[in-house]
Structures are given as structure tokens and as C-alpha cells.
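Read-outs: derived from the displayed coordinates by stated rules, not from any lab. All of these numbers come straight from a predicted model, not from anything done at the bench. We place every Cβ from the backbone using ideal geometry, glycine too, and count neighbours over all the protein chains shown.
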Amino acid sequence: MNGMDLIEAVNGMDEELVSVSAPKKERRRLRPRAWIAIAAAALIVFGCATVGASALIRGKFGPIRTGTHGYTASFELQKYKWSKFKGEIRETPDIIREQYATFTPQPVYSSFFSHPGSYVKNFSTLREAADYVGLKALKTPEPPFGADCVVNVFGDAEGRIGDVEIFLQHIVIPSDPSTGDLGGMLRISILTENSEKSTVLTGGDWGDYDPGRIDYKEFTTSKGVLCQYTEVGIGQNSRELISGYVVYEGILYNLSINFKPGEYDNAVKMLNDWAEKF
């Protein structure tokens, strides 16, 4: 049922049920069947809008503007009020204000670069990192590899927090069998009401991957969550890459999986299994 169907359902009711004339001494109650019709129609209309909203959140993909081996992807995100963050991340405004107050610029001849406005904290699991942030909308879809987790908080001289990023990366070292064959990263991007941007730009130049083999695909999970992903250098190099993107409740989740030739189907299955956790 669409909006017009709802209007027609109301127009088809008894005139006395929808009259806007002066009230009579005896008030008529809506028949139970009429109430059910209105409630059902409203539920259908608003229910469809809610389900459709989660499936229509799409990023925009395109070739990289500079370089020859990459792509760009941009996503419109929600800006969360700072009051929604309930974890120990509440300590960061004071920390960043102190950074600005005590900052001394490096000499111009120095090769060391530093700048206030960023606070980094390390965690052993994604769940611990999420607890530190304390945002109810934040999900913890574990990637198919284990690694330490970093929370990076960005703010200004007044202590206003603008962006929050959670980053987890597993690097494969060929000379170290203990690192395994599967590498990759998980990056979660959150914007607050103080952020200067509403769009997150990601992607990048992938170096020695084949610039002619970058494809854009997507799938929808059993719960109606859209996952868009790119294939980079598939079938062309010693290492191959797929990078998946999910926007859930206005937060961007980016899982990249780096694998050996012949493991493509397994990597796509891992991406599907990860997206199903939302």
C-alpha cells in the first residue's frame, strides 16, 4: 500500500467517522475494524520506508583522480551528537585541549612532524575499542583475521571532537609463516555533530596492482544490508584484493581482504560472512 492507497482507504470510510463539523452530544467511537485499517495502512507505509532506507544507502565509486592504480569511493554519513558517546572516549576533549595548550612547533629544519588535535588509544579487540567509544549505534562485525585495534579521535583547540576512527590491520609477512596467508584491514569511520564534513572519501592508489582490473560490485545480505565492494588486480598479481563497504546507521565500515591467487571465492565468502553480522 502506498500513500495514495492510504488516502483512498480513509476516503472510503463512513462520513461520520471523518467529519470535522462541530461535535455532537454523543461521540461516536471508531469501529474496531476502522482502527485496524488505519493502523495497518500506516504500518505498511512507514515500514516500507524504513526497510528501503537501509538498502538504498550507496556510496559513489569511480577511477582515482591522481595516479594510475586505484579508485575513489565516497559515502554520506550521519553526524552523531557528542552526547551520544557514553564510553571513556569522553576523556578526549580535555586531552586534545591540553595538546593545543602545550604544543610547541618543531623547528623548520626538523624532519619530525607533529601536530595537536589527534588522540590515539590501542586495544586488543574490536569489542574493547567499541566499549571505549560507547556509541549505541556502533556495531562490532569481527573481520576474518585477528589484530590489535586502534581508536583515533580528532578534535579542535576547543576540545570539540569531530571525527572518530577505529582501525584494525593484519599484515602478511612472507618470511614469517606465523602471519598466515590472509591479510587485510578493517576501518570504521564515525562523524560527530562537530565534523567539518558530511562525506567520507576513501579508496586510494594500490601501487603495483593492475590498473586495468578494478571492478565495482555489490550484494545484499539476508537482512537487507547493502555491501558494495571493489576487486583490484584479480587474477593478475601475486597478491589480490577485495575491499567491501557497508554504511549502517550512518557509520561507514570498510573491510579489505588481501589474498593469494586462487583464493578469490574464499575471500568473497569471507566478505559475505562479515556483512551478514550487521
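Details
- Environment charge at Tyr100 (Cβ cut-off 14 Å; Lys +1, Arg +1, Asp -1, Glu -1): -2
- Rel. contact order, % - alpha carbon contacts under 8 angstrom, at least six apart, segment 60-275: 22
- Fully extending the segment from Tyr216 to Thr72, taken as 0.36 nm per residue of separation minus the present Cα-Cα distance, adds 50.7 nm.
- Only Lys, Arg, Asp and Glu carry charge here, each on its Cβ (+1 for the first two, -1 for the last two); on that basis segment 60-275 has a dipole of about 540 debye about its Cα centre.
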